[in-house]
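Notes to accompany the following structure.
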Amino acid sequence: MARILIVEDEPRVARGLQDDLVLEGYDVEVAGDGIEAVRRAHEGAFDLIVLDVMLPAKDGFDVCRELRREGMRTPIIMLTAKTEESEKLVGFDVGADDYVTKPFSPRELRARIKAALRRGGETVPAQYRFGDVQVDLDRCELRVAGLLVDTSALELKLLAAFIRHRGHTLARAMLLDEVWGHGTFVTDRVVDTHVANLRKKIESHPASPRYLVSVRGMGYRFDG
Ligand code: CA
């Protein structure tokens, strides 16, 4: 069964989460502050980390950033009381996989955990190459013909989703769910805008794309 590390400083919340996830059959450990979180993440081979943002000693963003910088690719779901979109984007910037705002329902969190574990099982290589494009997800870098191209964290996350499901047609709703996170209030148009921006970066002819192709009435498919 999957091993989950919960990082939460409020004992009552931590215990509630732990009880709930143990009932689901997960093997659960709890860390109470950011420094302990980093230490425990190194020691135990966890399949997923649920990470509160507001923590003593070191906040959740710093913990996430640090683990990702070290190359740890364990799925991380961040918990926060803040609902601003900017907070969410900081989460993605530091390398979180998903984001749940407090107060959340245990059922909602369980669904996110299940989805993150499922995705975690499908491999996205840290380095991926197609045509003259090189993607380095560990370093968050995109290079075309050897030259570094300025790319946002969200665009890289979108490209990573395409790489993960290469060869499969992805509906906009599915991309929204996987890249922006379940329950975000953005429209399908946002997906189109980001795909268009990515095409400008990776396609030699963005108007007639070779890699990020449109599938009429369905969505997009990555043929890299
Ligand atoms: Ca907290």
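A few comments on the model shown:
- Considering only residues in segment 184-203 that are loosely packed, with under 15 Cβ neighbours inside 10 Å and free of Cβ contacts under 8 Å to residues at least 12 places away in the same chain, the one that is farthest from the chain's Cα centre (by Cα) turns out to be Lys200.
- Residues of segment 32-57 satisfying the condition of being more than 19 Å from the chain's Cα centre (by Cα) and more than 12 Å from the ligand (Cβ to nearest atom): Ile35, Glu36, Arg39, Arg40, His42, Glu43, Gly44
- Hey, Lys82 at pLDDT 90 or above, of a type in the set (Lys, Arg) and either open to solvent by less than 80 Å² (accessible area, probe 1.4 Å) or not in a helix (DSSP H, G or I) (or both) or not: no
- Residues in segment 65-81 that are among the hydrophobic types (A, V, I, L, M, F, W, C), away from the ligand (no atom under 13 Å from the Cβ) and within 15 Å of Ile4 (Cα to Cα): Met72, Ile76, Ile77.
- Enumeration of residues in segment 149-158 that are touching a residue at least 60 places away in the same chain (Cβ under 8 Å) and either of a type in the set (Lys, Arg) or farther than 16 Å from Ala96 by Cβ (or both): Lys157
- Any hit, segment 151-158, residues being modelled with pLDDT of 95 or more, among the charged types (D, E, K, R) and open to solvent by 20 Å² or more (accessible area, probe 1.4 Å): no
The values are calculated or read from the model by the stated rules, or taken from the named source; none is laboratory data. What you are looking at is a predicted structure, and each value in this text was computed from that prediction instead of being measured. Reconstructed Cβ throughout: ideal geometry from the backbone, glycine too, with neighbour counts over all protein chains shown. Quick note on the areas: whole protein, heavy atoms, side chains included, nothing else; ligands and nucleic acids left out. Shrake-Rupley method; radii C 1.70, N 1.55, O 1.52, S 1.80 Å.
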